[in-house]
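Written below as structure tokens is the structure these notes are about.
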Amino acid sequence: MRLYLSSYRLGDHVDKLLDLLPVKPNVSLVANALDVFSDNDRQRHMAEIYDPEQELKSLGFSVSELDLRTYFNRSDDLENQLARSDLIWVLGGNSFVLRRAMALSGFDSLATRLLRSDTIAYGGFSAGAVVAAPTMDGIHLMDDPNEIPQNYPAKPLWEGLGWTDFSIIPHFKSNHPEAENAEATKTDVAKRGMPFRTLKDGKVLLNKGNGFELLSKT
């Protein structure tokens with residue numbers, strides 16, 4: 001599996017992301033972790049604070065948004081879309097909302113198969129990284145599992161994608177509003193004996209197919 005899991009946005013190691021991809025890759029941008037917000041609020045955030053599509057385009061990527069809500073109960077159509085992508089890039093937000101969207105659309109099983117066959121690469125930050133773990137246990141101290149966007153089931157999904165054998169805790173010891181909750185999450189999972197890795201903003205967990213490497217400038 002080719003995986004680039006960042007704590008915050010693209011992190012400090014964009015060159016390593018580029019190494020995973022062909023020249024001018026096709027990128028599907030998944031923003032469903034933000035489905036708790038209205039479309040207007042999301043558009044305003046992108047216009048005024050952070051526009052991930054423009055950031056990716058600045059690297060020479062061809063970018064299109066992949067809204068998993070469009071594919072709820074339509075996994076066959078989603079498979080065709082994923083197969084045309086070189087990279088799936090997944091934004092932060094609510095990890096539990098994102099995980100539900102991945103299950104309802106069939107993204108979880110489809111992406112797992114495509115990653116194992118080395119057809120695509122996967123990257124993401126914050127929630128986009130967290131869901132790669134075997135379980136969402138402990139993440140409830142950072143994200144509310146009971147946030148329910150329209151057309152989503154009320155029951156949270158606690159099983160992760162299982163692409164790592166450890167939990168991922170982003171924003172650890174970072175200048176980020178979630179830093180205190182990240183500390184609490186680390187304490188919680190450590191008490192329960194769960195394997196985990198913390199990520200400070202800027203750091204990245206990279207897997208080129210032969211195991212994870214922590215990328216850090218410090």
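What the table below lists for this structure:
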quantity: Condition met for S62 (surrounded by fewer than 15 Cβ atoms within 10 Å (Cβ to Cβ) and not aliphatic (A, V, I, L, M)); calculated: yes
quantity: Residue within the range 150-161 that is at pLDDT 95 or above, more than 19 Å from G93 (Cβ to Cβ) and not in a strand (DSSP E or B) present; calculated: no
quantity: Residue within the range 84-103 that is in contact (Cβ under 8 Å) with a residue 12 or more places away in the chain, touching a Pro at 6+ places or on another chain (Cβ under 6 Å) and among the aromatic types (F, W, Y) present; calculated: yes
quantity: Those residues of the range 17-39 which are closer than 24 Å to E178 by Cβ and either of a type in the set (F, W, Y) or touching a Leu at 6+ places or on another chain (Cβ under 9 Å) (or both), in sequence order; calculated: L17, L29, V30, A31, N32, A33, L34, D35, F37
quantity: Matching residues in the range 184-194 - criterion: being in contact with an Asp or Glu (Cβ under 9 Å, 6 or more places away or on another chain) and either exposed (fewer than 13 other Cβ atoms within 10 Å of the Cβ) or within 17 Å of V97 (Cα to Cα) (or both); calculated: R192
quantity: Exclusive hit being exposed (fewer than 15 other Cβ atoms within 10 Å of the Cβ), touching a residue at least 12 places away in the same chain (Cβ under 8 Å), farther than 27 Å from G211 by Cβ and not hydrophobic (A, V, I, L, M, F, W, C), set N181, N175; calculated: N175
quantity: Near pairs, Cβ below 7 angstrom, 6+ apart or cross-chain, from the range 56-83 (of a type in the set (K, R)) to any residue that is surrounded by 12 or more Cβ atoms within 10 Å (Cβ to Cβ) and in a helix (DSSP H, G or I); calculated: R69/N32; R69/A101
quantity: Residue in the range 40-52 that is part of a helix (DSSP H, G or I), among the acidic types (D, E) and surrounded by fewer than 21 Cβ atoms within 10 Å (Cβ to Cβ) present; calculated: yes
quantity: Test for S28: is it out of contact with any helix residue (DSSP H, G or I) (no Cβ under 8 Å at 6 or more places or on another chain) and either surrounded by fewer than 16 Cβ atoms within 10 Å (Cβ to Cβ) or closer than 23 Å to M1 by Cα (or both); calculated: no
quantity: All positions within the range 146-186 that are of a type in the set (A, V, I, L, M, F, W, C), more than 24 Å from L110 (Cβ to Cβ) and in contact with a Ser or Thr (Cβ under 8 Å, 6 or more places away or on another chain); calculated: I169, F172, A182
quantity: Long-range neighbours under 9 Å by Cβ, at least six apart or interchain, first residue free of Cβ contacts under 8 Å to residues at least 60 places away in the same chain and acidic (D, E) within the range 27-46, second surrounded by 13 or more Cβ atoms within 10 Å (Cβ to Cβ) and part of a helix (DSSP H, G or I); calculated: D41/L34
quantity: Of all residues in the range 125-146 being in a loop (DSSP other than H, G, I, E, B) and out of contact with any helix residue (DSSP H, G or I) (no Cβ under 6 Å at 6 or more places or on another chain), the one that is surrounded by the most Cβ atoms within 10 Å (Cβ to Cβ); calculated: S126
quantity: Residues being in a loop (DSSP other than H, G, I, E, B) and basic (K, R) - total across the range 57-77; calculated: 1
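Listed here are the residues, each with its yes/no results for (1) part of a helix (DSSP H, G or I); (2) surrounded by fewer than 21 Cβ atoms within 10 Å (Cβ to Cβ); (3) modelled with pLDDT under 95.
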position	(1), (2), (3)
Y4	no, no, no
L10	no, yes, no
L17	yes, no, no
K24	no, yes, yes
Q54	yes, yes, yes
N80	yes, yes, yes
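The values are calculated or read from the model by the stated rules, or taken from the named source; none is laboratory data. Computed from a prediction, not measured in an experiment: that's the story for all the values here. Because the Cβ atoms are built from the backbone with ideal geometry, glycine has one as well, and the counts that use them run over all protein chains shown.
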